[in-house]
1. Keeping all protein chains in place, calculate the accessible area per residue for the stretch 11-182 (probe 1.4 angstrom), answer in Å².
2. I'd like the distance between the alpha-carbon centres of the stretch 352-366 and the stretch 199-225, rounded to an integer number of Å.
3. Check which residues have an amide H placed less than 5 Å from residue 152's amide H, if you skip close sequence neighbours.
4. Whole-Hz ³J(HN,Hα) for each residue in the stretch 291-308, computed from phi via Karplus 6.51 cos²θ - 1.76 cosθ + 1.60 with θ = phi - 60°, x for glycine and proline: what do you get?
5. Heavy atoms only, probe 1.4 Å: what % of the accessible area of the stretch 133-179 goes to carbon and sulfur, would you let me know?
6. When ligands, DNA and RNA are left out and all protein chains stay put, how many square angstrom of accessible area per residue does the stretch 188-388 have with a 1.4 Å probe?
7. So, in nm, how far is label residue 62 from label residue 7 when the simple model puts each one 7 Å beyond its Cα toward the Cβ?
8. Apply 1/(1 + (r/R0)^6) to the Cβ-Cβ distance of residue 50 and residue 236, taking R0 = 22 Å, and write down the FRET efficiency to the nearest 0.05.
Amino acid sequence: MNNFVFENSTKVYFGKGCVKEYLADALSSYGNNVLLAYGGGSIKKNGIYDEVTTILEAEGKNIIEFPNIMANPTYEKVLEGAKLAIENQVDVILGVGGGSVMDCCKAVSMAAVCQEDIWENFWARSGVVDFEPLPLGVIVTVSGTGSEMNGGAVITNEEVKVKTGRDYPKCNPKFAMMNPEYTFTVPPKQTASGGFDILSHIMETYFSEPNEDNVSDDISEALMRSVIRNLPIALENPSDYTARSNLMWASTMAENRIIKLGKKADFQAHQIEHQLGAYTDCNHGGGLAVISPAYYRHIYAFGLKKFVRFAKDVWGISYDGKTEEQLAAEGVEALAQFIREIGLPITLRELGVTDKALLKEVAHSCNISSGSYKRMTQEEVLGILEECF
Ligand code: NZQ
Ligand code: ZN
């Protein structure tokens, strides 16, 4: 295992009724002005908005609304939130939603107190957060990104066509509330893409050095098996509490830094997807579903032993006289088959990307990961994207 220092400062409240039981208490140590951030309105349809505002009103909180955070939040939206927070002397941000809401809130929490251009100094390049961002609490309504228990925020700057993420521990939410019942209303397409995002986060960590026996990889295998078991159940029965709970916690576990301990982590598929998103605004999990099998077909020979383990221990494929190469390839094909079964796109066209000429720009602006089993070139990225078209 590589050396590591571990800390995670987010307090988690998980389970049925957790918002009703704990929200007032969790907010009690902050002032009265609450920036209530959310997305395009799903929380108004499914009753979560009413549940949360009833609690805030009963506590005498002054609610400042910050609605309409879009999927793939933009830097412009971050600046809008920061302006609202400053003008209204906001004491605490409460983000209610998925990765897009949570990420936008993290960037707002910095932009509201920092005088600098946060895109230039903290997203375009990595910066040192030597100030305290506004405190943030989150209520998760869709499983997938795991943003609730890390400092990561992925922001799109439309002007320069860059979608990029940074993980600043000071942006970890102070608390995260997760009631799996809140995810019952997530539509099948988003359930599948969020579920695949979880799987992708785990695979991107698992398929990286070091490969010697280590507990992080063992945990990763258990998490991958859990997602593969529970995602089809949640798609079949959206109100299956057990399946929704497992997906919700697997999502957090995949991104709360625990399985990354002692590992290098790759995230090349994410880098490709992020730039694809910057150019096309595609769905995050859907983009990963298209890219991942092609990427893994490209690199499995460079991490053969690990891909063999993936085939055997995650997908339960037996040797039956196969070579290691055959077994590893079958593991990747099992992944591709799973993607088809959960109804996610397998080509860029199915994802809605119709302009092939864009792919060159996507490939050439894509970051290259140093954690991949095979360090990619921009031309190889282009080859993968063209293969996926
Ligand atoms: O906007 P509303 O109306 O709320 O609808 C949302 C949105 O359309 C809907 N939804 C959420 N909860 C729902 C619901 N619909 C019905 N019932 C509910 N309970 O779901 C849609 C997608 O929401 P969004 O937040 O965009 O999805 P997700 O959680 O997948 O977040 C995606 C964003 O997170 C970034 C992605 O790149 C993308 O920008 N990521 C963040 C990461 C992080 N911070 O660690 C890591 C990830 O790899 C990822 O890059
Ligand atoms: Zn992701």
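1. Value for the stretch 11-182: 40 Å² per residue.
2. 30
3. Correct list: 168.
4. These are the phi-based 3J(HN,Hα) values: 6, 4, x, 5, 4, 5, 4, 6, 10, 4, 5, 8, x, 3, 4, 6, 5, 5 Hz.
5. Taking all protein chains in place, the stretch 133-179 shows 53 percent carbon and sulfur surface.
6. 38
7. 3.3
8. 0.15
The values are calculated or read from the model by the stated rules, or taken from the named source; none is laboratory data. Because the structure is predicted, anything quoted here is derived from the model rather than measured. Neighbour counts run over all protein chains shown; Cβ positions are idealised from the backbone, glycine included. With ligands, DNA and RNA removed, areas are computed over all heavy atoms of the protein, side chains included. Shrake-Rupley method; radii C 1.70, N 1.55, O 1.52, S 1.80 Å.
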